[in-house]
Every structure is written in structure tokens, then in C-alpha cells.
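One structure below.
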Amino acid sequence: MVSRMIISEYLVTGVVNLVAPAIRELLNSEMAGATWGPQWVDVYINAPGLEHRFVTQFGKRTEWNPEWGEERNFGLVADKKQQLSEREKMNTSEIAALKPWLIQDGEYLYPGGVYDSGISVGVSGAKGWADEAIGKILVAYIMMFAMLETDTRKTEKRMQI
């Protein structure tokens, strides 16, 4: 059965495909040093209407360079950021700065978890502020397309979810 919810996997896939070139450019840019070595990020997205969390990656995954230090599992960190932001209904940067006692065993102090109006995203792999900006981009685009979908349904008199 096709979901009638406003946000769907189809909508999120469209958003991911649309923003991917800009995010790749950010990860490859030397302007302001958004990355610290690796040039990819792992992403977890959750929103009302999604049957399962949406998992994706931006950039080109390469073999781990020992110069970057101990190898990190960006997928695990992104997962934890998304779950923390969803649970506390705040961005992880705000939680770490204002309410660090809410961070549970195994979670992180990193920016990169974003929450707004039931939509949560966790991003890991770049510098924390770049991770968080990527999350905010994804949330903003998901919200925009959800509003556009809502407008379409109203125009077509499809008012019931």
C-alpha cells in the first residue's frame, strides 16, 4: 500500500538527489575547511510518514588514511546523532552546549544532529558544524517539499490524509 502521508520515502529520495551536488561541493571545497580528511558523510533521516529511517551517504568514500587518526564509523555516529536529536527534540549542538546531562552513555558531544517539527537528521564525517549545516539543508528541503505536496493536495481537493 502506498503511504498517503505528506512525507514519504519518494519525497526524501528526491530531496537527497536534489541537494547531493551542493553537499559534494561542500565536502570537496577547501574554503573554510569543512572537512578534516575524509570527504564523505553518512546520514540518517527520520520523519513522520517514513516506514524506516532513511540512510544515505554524500561524497566519495575512500580507504581510511592513517594520517586521519583512528578509523571512525561515521554511520554509527550519524545514527546516534539522529536518535539523540529526535529524542530530545533539539539540535545536538544545542544539547551539548546547554543540556549535556541529557546525553546518554555511548552518545556524542558532536554537532550534526538536527531536529525540527518531527523531522530529525544525523550527519557524520565532516567537521561538526559542516555536519550540522548538511542536516539543516536536508530538513529545510524536506519541509519545503512537504509544504508543496500539501499545497498540491489542497488544490486537488485531497484534504484527508
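The values are calculated or read from the model by the stated rules, or taken from the named source; none is laboratory data. As the structure is a prediction and not an experimental result, all values here were calculated from the model. Every residue, glycine as well, gets a Cβ built from its backbone with ideal geometry; the counts of neighbours run over all protein chains shown.
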Check your understanding: How about segment 84-140: which of its residues are of a type in the set (Asp, Glu) and within 14 Å of the chain's Cα centre (by Cα)?
Key -> 86, 116, 131, 132
Study note, to complete from the structure: Residue hits (segment 113-144; more than 19 Å from residue 55 (Cα to Cα) and part of a helix (DSSP H, G or I)) are 129, 144
Exercise for review: May I ask you to say which residue of 136, 127 is closer than 24 Å to residue 38 by Cβ, of a type in the set (D, E, K, R) and touching a residue at least 60 places away in the same chain (Cβ under 8 Å)?
Suggested key: 127
Point to revise | Some residue of segment 82-97 being in a helix (DSSP H, G or I) and exposed (fewer than 14 other Cβ atoms within 10 Å of the Cβ) | key: yes
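Let's see how each residue does on (1) at pLDDT 95 or above; (2) of a type in the set (D, E, K, R); (3) surrounded by 15 or more Cβ atoms within 10 Å (Cβ to Cβ):
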position: 24; (1), (2), (3): yes, yes, yes
position: 27; (1), (2), (3): yes, no, yes
position: 30; (1), (2), (3): no, yes, no
position: 38; (1), (2), (3): yes, no, yes
position: 43; (1), (2), (3): yes, no, yes
position: 49; (1), (2), (3): yes, no, yes
position: 65; (1), (2), (3): yes, no, no
position: 73; (1), (2), (3): yes, no, no
Revision key, fill the gap. Checked segment 17-66 for anything more than 14 Å from residue 137 (Cα to Cα), hydroxyl-bearing (Ser, Thr, Tyr) and touching a residue at least 12 places away in the same chain (Cβ under 8 Å); matches are 35, 56, 62
**Study point:** residue 93 being in contact with a strand residue (DSSP E or B) (Cβ under 6 Å, 6 or more places away or on another chain), among the hydroxyl-bearing types (Ser, Thr, Tyr) and at pLDDT 95 or above
**Key:** no
